[in-house]
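Participant: Let me begin by handing over the structure; questions about it come next.
The values are calculated or read from the model by the stated rules, or taken from the named source; none is laboratory data. Just so we're clear, the structure is a prediction, and the values are computed from it rather than from any experiment. Cβ: placed from backbone, ideal geometry, glycine included. Neighbour counts: every protein chain shown. Side chains included, ligands, DNA and RNA excluded: accessible areas come from the protein's heavy atoms. Shrake-Rupley method; radii C 1.70, N 1.55, O 1.52, S 1.80 Å.
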Amino acid sequence: MTSLALTGIKKSYGAIDIIHGVDLAIEPGEFVVFVGPSGCGKSTLLRMIAGLEPITGGELRIAGARMNEVSAAERGIAMVFQSYALYPHMSVYKNMSFGLETARMPKAEIDLRVRKAAEILQITKLLDRKPKQLSGGQRQRVAIGRAIVRDPQVFLFDEPLSNLDAELRVQTRVEIAKLHADIGATMIYVTHDQVEAMTLADRIVVLNGGRIEQAGTPLEIYNTPANRFVAGFIGSPKMNFLNVSVDGRAGEAVTLDLAGTKLAVRGIDARPEGLCLGVRPEHLDVGSDRGTPLGAMIATHVEQLGGQTIVYGSLKDRQPIVATLNGQKSVRAGEELRLTADLAQCHVFDAGGRRVAVQSA
Amino acid sequence: MLVDDVPHRRVHRWTHLRQHLAGYGFLSPWLLGFFVLTLGPAASSLYLSLTDYGLMSAPRWVGADNYMQIATSDPRFRAAMNVTFTYVLLSVPLKLVFALAVAILLNRGLRGLNWFRAIFYLPSLIGGSVAIAVLWRQVFAGDGILNQVLMALFSYEGPSWIANPSTSIYTLIALAVWQFGSSMIIFLAGLRQIPQDMYEAASIDGAGRSRQFFKITLPLLTPVIFFNAVILTIDAFKAFTPAFVISDGTGGPIDSTLFYTLYLYQEAFTNFRFGYASALAWVLVAIIAAFTALSFLSAKYWVHYDD
Amino acid sequence: MTETTVDATGSSPLLRAFAYAAVLAVSFVMLYPLLWMVSSSFKPENEIFSTTSLIPETFTTDAYRRGWNGLSVSFGWMFLNSTVIALLAVVGNLVSCSMAAYAFTRLQFKGRSFWFALMLGTMMLPQHAVLIPQYLMFLNFGWVNTILPLVVPKFLAIDAFFIFLMIQFFRGIPRDLDEAAVMDGAGPLRIFFKIILPLSTPVLATAAVFSFIWTWDDFFAPLIYLNDIEKYTAQLGLRTFVDATAQSDWGALLAMSTLTILPIFILFVVFQRLLIEGIATTGMKR
Ligand SMILES: Nc1ncnc2c1ncn2[C@@H]1O[C@H](COP(=O)(O)OP(=O)(O)O)[C@@H](O)[C@H]1O
Ligand SMILES: [Mg+2]
């Protein structure tokens, strides 16, 4: 179990800056997930930690020691690639033993380690096969096995599940979580899938455009997103962002106007222009007596998922809005619905997208 | 952090240095070859071309004399140019047309494509060997098989195609065309690259077969044609073995098969006029370079690149 | 290359029959001289020119016996010389060209793109430009009339075509594999030997076969560098045989011609798919 510390980490290719200075401290044994849209620099950051990319600026420390100049093999890190990157010409056994042979470990010790890892991953029967003769899920296990045998301080995963079908993805996700619980090593996991991030992480790091938008536990990220980007990225369907204007202010208390409906809130210290109200679809309700009324919604399209009913529609001022209702609700397109929400679960974002502290009045 | 920066930098340099060392280590055989077998000799032959240099004497500086003599008063150079240009200008287009025609025929989905492809390729593979030149000499001899066949089919008594100065070069052109197979393979690969849905779209648009050929196949194939033409031309300028074997190294009869390279060989290794032969070599390099440059300039007007 | 051929235009049966006939006719005309050569080498001398038939009336291997010992040195000896030279050329090309291709595709070093451009440039430079100084240099080394000038340059990656061929192939090997090996602690040497080379057997085989054939077939370099008949390659021997027999013994000449082509033909039959793909992927001729 090892800690990592990233201080002002930067990466540029020529004149193009890809990573703009990342600060992050990772606790020993922590499972950290980097999540963000495609191209935001997740892989680049991971590869710098691995030692596959030189670090342009800043400092990387592992267990307190500076690692910028240390070669990949000497960092005590193992990596599982998105493509698995299994050596096609070697048997499963050889794939797993290659790194140990490189390190000139005694044969007996190698054998012990490979067999133990194979047992953990239940691939003992496959040891003599070539990667070509394996299914996607089995290859995935071998790739993890290749990482395990080296008994690394830190595991890196770059979108390891994205080549698996949906069912296998869920299954493997659970197994990775179990693996982490069993061996307790520090793990950094890259994904663009928010469900993987939410289910696996001790801590989620949301990246965008080469910067950390927010780092926190999954529920912190969900409940108190630092900004509009994070709020929109985590959660499905996406959070509704509704334009509101400031109708009046009396000391701490502020009245917001949402398509003609007045909402009384407290504690907005931001400039009043360009505010918007963020409400997750699952926090909306229709025809309920509890919660704060948000006005009327005209349903335009309804999706029945069985367990949930998703209603697409718009407010009076034609702003689009989505609501997820529990259970099977008989809502028809064209119907006018009375919306309510718990203001305590709503967020207000300023013109710059930052979440501003707010309480319901 | 600043304090322990210095030793790190040393480590850093070392890992960098190791990368460069590995690169140059793996490249070293080629690098050595480049300097010793290419760059050095090229510079040296450029110098020799400005000297009078035989086996017995040291090089004597003569300035541009060799080039002047080539340009103004060397009838064998003119003969060699004549022969070589005839050869290049006839064999390359013929070879291209043959290769393209057969590739298109094969691409029609004939059964046994792999067999035909192999059969047509075989001559390209063995065509440069002495045995084939020997065979060719026999085919076009006075009592050779060509005349036997002509006799059997048309009762026509042919001449010795090889011994006749006005036909001998054509036997060598025939030998070149006989080796169209490798170009054909490249054309076949090019034809496979043309997406099928283009043809489907065209036939939905009502384009007939010949229109499809001229509007789709040919334009999309022009990069491959261009590439083949350049490579074939360069190779044709460098042809040597068949002329050497067929004419016993003389380029005869009456210099009618005196390929440029053959003339160069004679000057260098029969007459041991190293200076003059070096000048001839650089003239050939210049001709090939000019041809290649012209091709690339012309490409703008007829080669279709999609983007 | 895919093996299924798709008919682009949906030809009619008539056209298809015509195409078939044309292709068959062309292949017959092309193969006829070769078949004639082989069949004539098994005919008695007086039968060679009396009939155009491809099947010998009297089958004899006498021409082979006459040809084999037709020169002061047996052809067997020259075949051995050719084989040794060609095999050394194969080894030289494989070693030096794979190293260069690995450096160009996988290693980061200063000046890489500069050298790469120069390498492509040498592919364009006709050998004639360097021929005479090379000859004089080897003469100075005392290497003329030895096999060294024919073999040593191959160990210096003189045949840039093979570098090019291997670069094309190496580029297709996923970089992830190198990186996985880096994570496994492997350095450039180990990656080259344990990952890249084992995965490159198809291109190595292609390069080996082409090297062998071209060296076997080469006439110019042996003509310049080898003087003594004991050192001759099969090609040189054959051409000496042409002069020596001066058309008096066509049977023996055709028999030896057939023999010098035979190794190439065998390689062609065994490896034709590799060779054809090698040509199709590089777009280079020969
Ligand atoms: N070798 C490179 N040269 C230049 N740009 C690169 C290189 N590798 C990645 N990039 C750029 O860096 C950005 C981040 O890439 P990456 O880390 O792979 O994103 P992610 O993994 O989050 O999808 C992308 O915009 C990509 O185009
Ligand atoms: Mg990525």
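Participant: Consider A:Asp158 against the criteria (1) within 24 Å of A:Thr102 (Cα to Cα); (2) within 16 Å of ligand 2 (Cβ to nearest atom); (3) open to solvent by less than 10 Å² (accessible area, probe 1.4 Å): it satisfies all of them except one. Which criterion is unmet?
Facilitator: Here A:Asp158 clears every test but (3).
Participant: Considering every residue within segment C:248-261, establish whether at least one is closer than 17 Å to B:Asp248 by Cβ, more than 9 Å from every other protein chain (Cβ to nearest Cβ) and either open to solvent by 10 Å² or more (accessible area, probe 1.4 Å) or without any contact (Cβ under 8 Å) to a residue 12 or more places away in the chain (or both).
Facilitator: yes
Participant: Given the criteria within 14 Å of chain A (Cβ to nearest Cβ), aliphatic (A, V, I, L, M), open to solvent by 40 Å² or more (accessible area, probe 1.4 Å) and in a helix (DSSP H, G or I), does C:Leu197 qualify?
Facilitator: Working: within 14 Å of chain A (Cβ to nearest Cβ): yes; aliphatic (A, V, I, L, M): yes; open to solvent by 40 Å² or more (accessible area, probe 1.4 Å): no; in a helix (DSSP H, G or I): yes.
The answer is no for C:Leu197.
Participant: Scan segment B:16-33 for residues that are crowded, with 21+ Cβ neighbours inside 10 Å and more than 7 Å from chain C (Cβ to nearest Cβ) and report the count.
Facilitator: Counting residues in segment B:16-33 that are crowded, with 21+ Cβ neighbours inside 10 Å and more than 7 Å from chain C (Cβ to nearest Cβ) gives 0.
Participant: Within segment B:242-265, how many residues are open to solvent by 20 Å² or more (accessible area, probe 1.4 Å) and not charged (D, E, K, R)? Even if it seems obvious, please write down each step before you answer.
Facilitator: First, the residues of segment B:242-265 that are open to solvent by 20 Å² or more (accessible area, probe 1.4 Å): B:242, B:248, B:250, B:253-255, B:265.
Restricting the remaining residues to those that are not charged (D, E, K, R) gives B:242, B:250, B:253-254, B:265.
Selection size over segment B:242-265: 5.
Participant: Within segment A:49-60, does at least one residue satisfy the condition of being away from chain B (no Cβ under 14 Å), within 16 Å of ligand 1 (Cβ to nearest atom) and not β-branched (Val, Ile, Thr)?
Facilitator: Keep residues of segment A:49-60 that are away from chain B (no Cβ under 14 Å), which gives A:49-50.
Filter once more, so that each one left must be within 16 Å of ligand 1 (Cβ to nearest atom): A:49-50.
Retained after the next criterion (residues that are not β-branched (Val, Ile, Thr)): A:50.
Within segment A:49-60, one or more residues are away from chain B (no Cβ under 14 Å), within 16 Å of ligand 1 (Cβ to nearest atom) and not β-branched (Val, Ile, Thr).
Participant: Something else: Of all the residues that make up segment B:153-173, how many are within 22 Å of B:Gly128 (Cβ to Cβ) and open to solvent by 40 Å² or more (accessible area, probe 1.4 Å)?
Facilitator: Number of matching residues: 2.
Participant: Considering (1) out of contact with any Pro (no Cβ under 8 Å at 6 or more places or on another chain); (2) modelled with pLDDT of 95 or more; (3) loosely packed, with under 15 Cβ neighbours inside 10 Å, say which one C:Gln108 fails and leave the rest.
Facilitator: (2)
Participant: While we're here: Does A:Ile9 fit the bill of being within 8 Å of ligand 1 (Cβ to nearest atom), part of a strand (DSSP E or B) and within 17 Å of A:Val206 (Cα to Cα)? Reasoning before the result, please.
Facilitator: Numbers: within 8 Å of ligand 1 (Cβ to nearest atom): no; part of a strand (DSSP E or B): yes; within 17 Å of A:Val206 (Cα to Cα): yes.
So A:Ile9 does not fit the description; no.
Participant: Also: Scan A:Ser38, A:Ser83, A:Ser71 and give me the residue that is within 16 Å of ligand 1 (Cβ to nearest atom), open to solvent by 20 Å² or more (accessible area, probe 1.4 Å) and within 13 Å of another protein chain (Cβ to nearest Cβ). Working first, answer last.
Facilitator: Details: A:Ser38 fails: within 13 Å of another protein chain (Cβ to nearest Cβ); A:Ser71 fails: within 16 Å of ligand 1 (Cβ to nearest atom).
After ruling out the rest, the residue left standing is A:Ser83.
Participant: Still on this structure, I have one more. Can you confirm whether A:Tyr189 is touching a residue at least 12 places away in the same chain (Cβ under 8 Å), part of a helix (DSSP H, G or I) and either within 16 Å of ligand 1 (Cβ to nearest atom) or within 30 Å of A:Val356 (Cα to Cα) (or both)?
Facilitator: Values: touching a residue at least 12 places away in the same chain (Cβ under 8 Å): yes; part of a helix (DSSP H, G or I): no; either within 16 Å of ligand 1 (Cβ to nearest atom) or within 30 Å of A:Val356 (Cα to Cα) (or both): yes.
Spelling it out, it is not the case that A:Tyr189 is touching a residue at least 12 places away in the same chain (Cβ under 8 Å), part of a helix (DSSP H, G or I) and either within 16 Å of ligand 1 (Cβ to nearest atom) or within 30 Å of A:Val356 (Cα to Cα) (or both).
Participant: Further question on the same structure: Determine which member of the set A:Val254, A:Val230, A:Val279 is more than 14 Å from chain B (Cβ to nearest Cβ), away from ligand 2 (no atom under 16 Å from the Cβ), open to solvent by less than 10 Å² (accessible area, probe 1.4 Å) and modelled with pLDDT under 85.
Facilitator: Numbers: A:Val230 fails: modelled with pLDDT under 85; A:Val279 fails: modelled with pLDDT under 85.
Within the list A:Val254, A:Val230, A:Val279, the selection yields A:Val254.
Participant: To continue, here is another question. Between A:Ile120, A:Ile77, A:Ile26, A:Ile16, which is assigned by TED's automatic domain parsing to the domain that holds A:Glu175, open to solvent by 10 Å² or more (accessible area, probe 1.4 Å), under 26 Å from A:Glu213 (Cβ atoms) and away from ligand 2 (no atom under 16 Å from the Cβ)? Don't jump to the end; show me each part of the working.
Facilitator: On the way: A:Ile120 fails: under 26 Å from A:Glu213 (Cβ atoms); A:Ile77 fails: open to solvent by 10 Å² or more (accessible area, probe 1.4 Å); A:Ile26 fails: open to solvent by 10 Å² or more (accessible area, probe 1.4 Å).
Every option except A:Ile16 fails the conditions.
Participant: I've got another one for you. Which residue out of C:Val84, C:Val73, C:Val95 is more than 10 Å from chain B (Cβ to nearest Cβ), assigned to a helix (DSSP H, G or I), in contact (Cβ under 8 Å) with a residue 24 or more places away in the chain and of a type in the set (Val, Ile, Thr)?
Facilitator: Working: C:Val73 fails: assigned to a helix (DSSP H, G or I); C:Val95 fails: more than 10 Å from chain B (Cβ to nearest Cβ).
Selected residue: C:Val84, the only one of C:Val84, C:Val73, C:Val95 that is more than 10 Å from chain B (Cβ to nearest Cβ), assigned to a helix (DSSP H, G or I), in contact (Cβ under 8 Å) with a residue 24 or more places away in the chain and of a type in the set (Val, Ile, Thr).
Participant: Something else now. Looking only at segment A:94-116, count how many residues are away from chain C (no Cβ under 14 Å) and under 34 Å from the mean Cα position of the chain (by Cα). Steps first, answer last, please.
Facilitator: Here is the first cut: in segment A:94-116, the residues away from chain C (no Cβ under 14 Å) are A:106-109, A:111-112, A:115-116.
Add one more test, that the residue is under 34 Å from the mean Cα position of the chain (by Cα), and what stays is A:115-116.
Final tally of qualifying residues: 2.
Participant: Of the numbered conditions (1) over 21 Å from A:Ala201 (Cα atoms); (2) more than 9 Å from ligand 1 (Cβ to nearest atom); (3) not in a strand (DSSP E or B), A:His20 fails exactly one; give the number of that condition.
Facilitator: Tallying (1) over 21 Å from A:Ala201 (Cα atoms); (2) more than 9 Å from ligand 1 (Cβ to nearest atom); (3) not in a strand (DSSP E or B), A:His20 fails exactly one: (3).
Participant: Which residue is farthest from the chain's Cα centre (by Cα), if the candidates are limited to segment B:189-213 and must be under 13 Å from B:Leu100 (Cβ atoms) and more than 7 Å from chain C (Cβ to nearest Cβ)?
Facilitator: From segment B:189-213, those under 13 Å from B:Leu100 (Cβ atoms) are B:189-191, B:213; that's our starting set.
Still in the list and also more than 7 Å from chain C (Cβ to nearest Cβ): B:190-191, B:213.
Details: B:Gly190: 20, B:Leu191: 22, B:Phe213: 28 Å.
Among those residues, the one meeting the criterion is B:Phe213.
Participant: Another question, then. So, A:Arg249, is that one open to solvent by 50 Å² or more (accessible area, probe 1.4 Å), of a type outside the set (Val, Ile, Thr), more than 19 Å from A:Glu196 (Cα to Cα) and not assigned by TED's automatic domain parsing to the domain that holds A:Thr191 or not? Please lay out each step first, then the result.
Facilitator: Details: open to solvent by 50 Å² or more (accessible area, probe 1.4 Å): yes; of a type outside the set (Val, Ile, Thr): yes; more than 19 Å from A:Glu196 (Cα to Cα): yes; not assigned by TED's automatic domain parsing to the domain that holds A:Thr191: yes.
Taking the combined requirement at face value, the residue satisfies it.
Participant: Do any residues in segment B:50-74 that are under 18 Å from B:Phe269 (Cβ atoms) have Cβ atoms under 9 Å from those of residues that are among the charged types (D, E, K, R) and part of a strand (DSSP E or B), where the two are at least six apart or on different chains, and which pairs are they?
Facilitator: B:Thr51/B:Arg60; B:Asp52/B:Arg60; B:Tyr53/B:Arg60; B:Pro59/B:Asp52; B:Asn66/B:Asp52
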